[in-house]
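Below: one structure, written as structure tokens.
The values are calculated or read from the model by the stated rules, or taken from the named source; none is laboratory data. Quick caveat: nothing in here was measured; it's all calculated off a predicted structure. All Cβ positions, even for glycine, are placed from backbone atoms using ideal geometry, and neighbour counts span all protein chains on display. Note: areas computed on protein heavy atoms with side chains; ligands, DNA, RNA excluded. Shrake-Rupley method; radii C 1.70, N 1.55, O 1.52, S 1.80 Å.
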Amino acid sequence: DACPGSRVRYSTSGLPNSVFNWTVTGGVIINNYNDSVDVQWGMTPGNYSLSVIEITEHNCTSPEGDAIIRIVQNKVSIGIDQTICKGTDATFKASGDVYTSYLWQDGSTGSSLQTTKAGLVWVEATNTTGCKSRDSAYLNIILPRALNLGNDTTLCYDQTMILDGGNASSYDWNVSMGGQSYSSSSQQLKVYASPQMDQVVKLTIIDNNGCENSDTITIRRCQESRSLGSKIMNTITPNGDGKNDKWVIENIGQFPNARIEIYDRWSRLVYVKNGSYENDWDGKDMNGKDLPMDSYFYVIDLKNGEKPYTGYVLIIR
């Protein structure tokens with residue numbers, strides 16, 4: 001066997017003062033030393049011949065001695081160029097023949113190379129004939145799409161927050177609160193205030209290049225009190241003069257689920273409001289009729305676990 005394009009020396013033996021005539025196919029004799037020759041073989045794989053005839057000093061001719069020289073193809077391949085995401089590995093594997101040794105550009109000697117370094121990757125492989133072959137490919141590394149959910153924040157009362165994952169091919173939201181969690185695969189996630197515990201929100205995306213990235217934000221529970229202020233009007237004068245015409249409850253807008261009930265002196269329910277009270281009660285009953293001047297008992301339930309507020313409001317006409 002010989003390698004394509006290789007230069008090989010072949011020798012024979014005979015009687016002293018003999019002359020040796022060499023013949024070669026598939027190659028060229030570069031140097032002739034009589035009993036040996038240097039042959040430059042071609043690049044085309046196949047079976048070729050090398051022969052020699054000895055002519056002695058007495059002009060005797062020997063039978064032809066010959067050999068079949070097999071030019072063995074050796075073309076190692078590590079595949080095409082690769083593009084990977086930062087933080088992942090690329091693997092290049094040498095194939096093409098039975099090899100006895102490998103040498104990669106980083107000095108490693110395995111049959112494959114796993115790398116995270118961008119740039120040119122090459123291998124030199126030696127087969128069982130001793131023929132060497134090289135192949136190369138380029139490794140390109142791309143960065144995942146940037147992802148930033150923002151700074152940790154606090155939500156109070158009935159505040160909400162919209163988190164947006166931006167442009168990506170897939171979204172994986174995970175919201176954990178203590179030992180519980182829930183997930184979503186939409187681009188946006190609406191987060192509600194939690195009075196009991198902090199929420200940890202993690203988003204993992206696969207961007208349009210197939211790269212993965214993630215970010216986490218903590219939504220802290222509100223430490224502020226959810227109580228009404230000290231101002232609950234105890235008197236209204238609904239006479240249309242623009243002064244104290246309506247019953248005002250300080251901070252009631254922070255409690256959209258609050259239930260307000262008003263009773264007359266005979267404990268009859270004369271007014272009720274389930275949520276979204278807008279400080280607009282003007283002394284009318286549920287049928288829209290003016291209630292007589294009197295003192296009325298109220299119950300304000302904020303629907304937040306606190307004890308309801310109670311007291312009296314006086315209508316003066």
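Dipole magnitude of region 198-317 about its Cα centre, charges +1 at Lys/Arg Cβ and -1 at Asp/Glu Cβ only, in debye to the nearest 20?
Numbers: 16 positive and 18 negative charges, 87 e Å.
The calculated dipole for region 198-317 is roughly 420 debye.
Only one residue of Ser184, Gln196, Ile217 has its Cα farthest out toward the positive end of the dipole of region 165-221, where Lys and Arg carry +1 and Asp and Glu -1 on Cβ, and that residue is Gln196. Using a 4.7 Å Cβ-Cβ cutoff, the cysteines of the chain lacking any partner cysteine are Cys60.
Under the combined filter of DSSP loop state and at most 16 neighbouring Cβ atoms within 10 Å, region 75-176 retains these chymotrypsin sites (Phe, Trp or Tyr not before Pro): Tyr157.
The aspartates and glutamates within cross-link reach of Lys284, meaning a Cα-to-Cα straight distance under 18 Å and a gap of 8 or more places when in the same chain, are Asp241, Asp245, Glu261, Asp264, Asp294.
Remark: relative contact order (the chain) = 10 percent; criterion is Cα-Cα distance under 8 angstrom and separation of 6 or more residues. 3J(HN,Hα) couplings calculated from phi for region 247-255 with the Karplus curve 6.51 cos²θ - 1.76 cosθ + 1.60 (θ = phi - 60°) are, in sequence order, 7, 9, 10, 4, 6, 5, x, 7, 10 Hz; Gly and Pro show x.
If you sort Val19, Val52 by accessible surface, 1.4 Å probe, largest first, the order is Val19, Val52.
When the accessible area of the chain is computed with all protein chains present and a 1.4 Å probe, what percentage of it is carbon and sulfur?
Numbers: 8580 of 18390 Å².
Heavy-atom surface of the chain belonging to carbon and sulfur, 1.4 Å probe: 47 percent.
In percent, rounded to a whole number, the relative contact order of region 87-136 is 37, using alpha-carbon pairs under 8 Å and six or more apart.
Under 10 Å, Cα contacts only: if you run a Gaussian network model on the chain, which one of Asn127, Asn251, Asn34 comes out with the highest mean-square fluctuation? In this elastic network of the chain, the residue with the biggest mean-square fluctuation among Asn127, Asn251, Asn34 is Asn34. Using C-alpha pairs under 8 Å with a sequence gap of at least 6, the mean separation divided by the residue count of region 278-317 gives a relative contact order of 37 percent. Shown here for region 9-94: trypsin sites (Lys or Arg not before Pro) in loop regions (DSSP other than H, G, I, E, B) with at most 16 other Cβ atoms within 10 Å, namely Lys75, Lys86. Over region 182-317, the ratio between the Cα radius of gyration and 2.2 N^0.38 Å evaluates to 1.57. Largest accessible area first, the listed residues Glu250, Glu124, Glu278 line up as Glu278, Glu250, Glu124 when surface is computed with a 1.4 Å probe on the assembled protein chains. Sites listed here are GluC sites (Glu not before Pro) in region 43-110 whose DSSP assignment is loop and whose Cβ has at most 14 other Cβ atoms within 10 Å: Glu57, Glu64.
Kindly identify the chain as rounded, prolate or oblate by the Cα gyration tensor criterion: order the square roots of the eigenvalues as a ≥ b ≥ c, call it rounded if a/c is under 1.5, otherwise compare a/b with b/c, prolate if a/b is larger, else oblate.
The shape class here is prolate.
Within the set Lys246/Lys307; Lys202/Lys303; Lys93/Lys202; Lys231/Lys273; Lys243/Lys307; Lys273/Lys307, which residue pairs have Cα atoms separated by over 28 Å?
Values: Lys246/Lys307 25 Å; Lys202/Lys303 31 Å; Lys93/Lys202 37 Å; Lys231/Lys273 19 Å; Lys243/Lys307 31 Å; Lys273/Lys307 18 Å.
Cα-Cα > 28 Å for Lys202/Lys303; Lys93/Lys202; Lys243/Lys307; rest within.
Neighbours of Lys243 by Cβ distance under 14 Å: Lys/Arg scored +1, Asp/Glu scored -1, total -1.
Treating the beta-carbon of each Lys and Arg as +1 and of each Asp and Glu as -1, no other charges, what is the dipole magnitude of region 120-218 about its Cα centre, to the nearest 20 debye? Please list the in-between numbers first.
Working: 5 positive and 10 negative charges, 60 e Å.
Here region 120-218 has a charge dipole of around 300 debye.
Residues whose amide H comes within less than 5 Å of that of Val248, counting only those at least five positions distant or on another chain, are Met233 (H built at 1.01 Å from N in the peptide plane).
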